[in-house]
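The values are calculated or read from the model by the stated rules, or taken from the named source; none is laboratory data. All figures in this text were calculated on a predicted structure; none of them were measured in a lab. Every residue, glycine as well, gets a Cβ built from its backbone with ideal geometry; the counts of neighbours run over all protein chains shown.
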């Protein structure tokens, strides 16, 4: 209500006090005219908003579930090597389609990192990354550059899980994003924080809501070499 031009004009007209120390008396607020829709219309509006809130909460829970599943899958496949151990023991890998299970070897090999699945390789980030780049300067993205719709800006709140939290963004125009081309990210990129909450990491999945994003000044990203994907 306080962002309404009519309410602001009324409040300004009621100010008292000397210049620089003017205030709106609280007893004058009772004189503000407010549009009140009929009760049936109020209930209809509340029902729509309630349904939207329920949908948002459901999506939040689904995202949390998917994130937990992704973490568990990563741990099983790429840290504990459960499918390889199962095949080594002569057991079928649990809950894997035959085509997926066939991608895992049935033996291990030694490496500088210890035992890893046979035929897997140890690579450096330089070998795996097509590009590693930083976010823009702080002055390049600020509140005054935000617009209602456009290219979404990734911040720390979007890096709470393994997958990008694809909701509630600030936006910049496409023209502004084009000027910050080095900080544009896309599906398949991995985002890291290097200041503030250091250690936050998130992957932009192929099913992300947007085709491209802008990272903020406290982040950097890695774009994987497609030959290793």
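Results, tabulated for the structure shown:
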{"quantity": "Among residues of segment 52-97, those that are touching a strand residue (DSSP E or B) at 6+ places or on another chain (Cβ under 9 Å) and assigned to a loop (DSSP other than H, G, I, E, B), counted", "calculated": "1"}
{"quantity": "Any hit, segment 143-163, residues being touching a helix residue (DSSP H, G or I) at 6+ places or on another chain (Cβ under 7 Å), closer than 30 Å to residue 52 by Cα and either in a strand (DSSP E or B) or assigned by TED's automatic domain parsing to the domain that holds residue 59 (or both)", "calculated": "yes"}
{"quantity": "Single unsatisfied condition, residue 162 versus (1) surrounded by 10 or more Cβ atoms within 10 Å (Cβ to Cβ); (2) touching a strand residue (DSSP E or B) at 6+ places or on another chain (Cβ under 8 Å); (3) within 23 Å of residue 224 (Cβ to Cβ); (4) modelled with pLDDT of 90 or more", "calculated": "(4)"}
{"quantity": "One residue from 103, 73, 113, 49 being within 30 Å of residue 36 (Cα to Cα) and out of contact with any helix residue (DSSP H, G or I) (no Cβ under 8 Å at 6 or more places or on another chain)", "calculated": "49"}
{"quantity": "Residue match in segment 184-199 (condition: touching a residue at least 40 places away in the same chain (Cβ under 8 Å) and part of a strand (DSSP E or B))", "calculated": "no"}
{"quantity": "Hey, residue 153 touching a residue at least 40 places away in the same chain (Cβ under 8 Å), surrounded by 19 or more Cβ atoms within 10 Å (Cβ to Cβ) and in contact with a strand residue (DSSP E or B) (Cβ under 9 Å, 6 or more places away or on another chain) or not", "calculated": "yes"}
{"quantity": "Conditions (1) out of contact with any strand residue (DSSP E or B) (no Cβ under 9 Å at 6 or more places or on another chain); (2) surrounded by 18 or more Cβ atoms within 10 Å (Cβ to Cβ): number failed by residue 172", "calculated": "(1)"}
{"quantity": "Filtered residue count, segment 116-145, keeping only those that are under 13 Å from residue 180 (Cα atoms) and surrounded by 14 or more Cβ atoms within 10 Å (Cβ to Cβ)", "calculated": "7"}
{"quantity": "Segment 201-215: number of residues that are surrounded by fewer than 22 Cβ atoms within 10 Å (Cβ to Cβ), part of a loop (DSSP other than H, G, I, E, B) and in contact with a strand residue (DSSP E or B) (Cβ under 6 Å, 6 or more places away or on another chain)", "calculated": "2"}
{"quantity": "Yes/no for residue 72 being assigned by TED's automatic domain parsing to the domain that holds residue 223 and either modelled with pLDDT of 95 or more or surrounded by 10 or more Cβ atoms within 10 Å (Cβ to Cβ) (or both)", "calculated": "no"}
